[in-house]
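**Student:** Dumping the structure here so I can ask a few things about it.
The values are calculated or read from the model by the stated rules, or taken from the named source; none is laboratory data. This structure is a prediction, so every number in the text was calculated from the model and none was measured. We place every Cβ from the backbone using ideal geometry, glycine too, and count neighbours over all the protein chains shown.
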């Protein structure tokens, strides 16, 4: 049976911890480029997998080599920043979605981005610790998944709303600079750890 108290507590903790994290940025970037429901499907599936792994592993995830996780995340963010900065834009400011908007391609992109970038992340470790503490894996899993999905949804919807008011070129440059900063920070953490 699911404990509403544990689920609500885990939801709040995970939601607040993930809100300022890279997930909202990733959702925002993907949400400006692709169909929101397809992006959310991929991101949601990746978060579900992360929560299942965290709950199953309990606190053992804290033993993963953080240097490797930070280095891989840093390289991926730097690659994403380079891709965004080097992308050629149309002269006019009309927003054109990418040609290939198939469900599997878009959902797969969202899934892979979150799967790699969030592995060993603070919220995954927190989920593992909460599962060990409360000994209620189902309630912890439900609260964590709903918290992560809420943040991802806000990022994706926020990206769509932002795109209506701000030119795509400016959004892309700001996102690239943020990804560059996150990449440098992740690499710093890998070296400093």
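**Student:** From the list 114, 125, 156, exactly one residue is modelled with pLDDT under 80 and either in a helix (DSSP H, G or I) or in contact with a helix residue (DSSP H, G or I) (Cβ under 7 Å, 6 or more places away or on another chain) (or both). Which is it?
**Tutor:** Testing whether each residue is modelled with pLDDT under 80 and either in a helix (DSSP H, G or I) or in contact with a helix residue (DSSP H, G or I) (Cβ under 7 Å, 6 or more places away or on another chain) (or both) leaves just 125.
**Student:** A further question follows. Evaluate region 93-104: report whether one residue or more is assigned to a helix (DSSP H, G or I) and modelled with pLDDT of 75 or more.
**Tutor:** Yes: one or more hits.
**Student:** Which helices (runs of 4 or more DSSP H) does region 1-77 wholly contain that include 1 or more residues that are within 15 Å of residue 147 (Cβ to Cβ), in contact with a helix residue (DSSP H, G or I) (Cβ under 6 Å, 6 or more places away or on another chain) and modelled with pLDDT of 90 or more?
**Tutor:** 4-18, 36-57
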